[in-house]
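Okay, so here's the structure we're looking at.
The values are calculated or read from the model by the stated rules, or taken from the named source; none is laboratory data. Everything quoted here is computed from the prediction, not taken from an experiment. Neighbour counts are summed over all protein chains in view; Cβ atoms, including those assigned to glycine, are modelled from backbone coordinates with ideal geometry. To get the accessible areas, we keep the full protein, side chains included, count just its heavy atoms, and leave off ligands, DNA and RNA. Shrake-Rupley method; radii C 1.70, N 1.55, O 1.52, S 1.80 Å.
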Amino acid sequence: MTSPAVCARPGWSIVEAARTMDRERVKRLPVVDEAGRLTGIVSRSDLLRLFLRHDTAIREEIDRDILDRTLHLAPGAVRVTVRDGVVTLAGRIEDAGLIPVVERLCASVDGVVSVHQAIEHPSTASQAGATAPTA
């Protein structure tokens, strides 16, 4: 143990605790209150647990927070599957410009390893066969 002990405060963010542990090269970080009393201990596994989320939790967050609440897509427009943190998106979105947005938002969800998408959108190519009116 180092002396004096490297400690965290209860109000610290996970990032502050992780950076302190890395900078000080410690595996555990005691959390002490203003009076110096021990209130808990943060370990490396505690920090990792935040990113090792269950696939179901990742899928539910994407469905609820990204597709529904943020982008207001119709239910079922995009199907989400997650396996070992790899997200696969399939379905149809009317606005092709939203596809990269969906990908980036999904990639930012904690626990996502990568995102693969097979989202379709209306193509102007299907209108290419139509004859233009003549003047």
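Numbers at a glance
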read-out: Within the chain, percent of DSSP bridges classed antiparallel, to nearest 5; value: 60 percent
read-out: Solvent-accessible area per residue, Å², over the chain with all protein chains present [probe radius 1.4 Å]; value: 70 Å²
read-out: Accessible carbon and sulfur surface of the chain relative to its total accessible area, %, 1.4 Å; value: 53 percent
read-out: Charge context of P122, other residues only, Cβ under 11 angstrom, K/R +1, D/E -1; value: -2
read-out: Taking the chain and dividing mean pair separation by its residue count, relative contact order in percent (alpha carbons under 8 Å, at least six apart); value: 17 percent
read-out: Prolate/oblate/rounded label for segment 52-92 (Cα gyration tensor, a/c 1.5); value: oblate
read-out: In nm, spacing of pseudo-spin labels at S114 and L71 (7 Å Cα→C-beta vector); value: 2.0 nm
read-out: Efficiency of FRET from Cβ geometry, D55 and W12, R₀ 35 Å, rounded to 0.05; value: 0.75
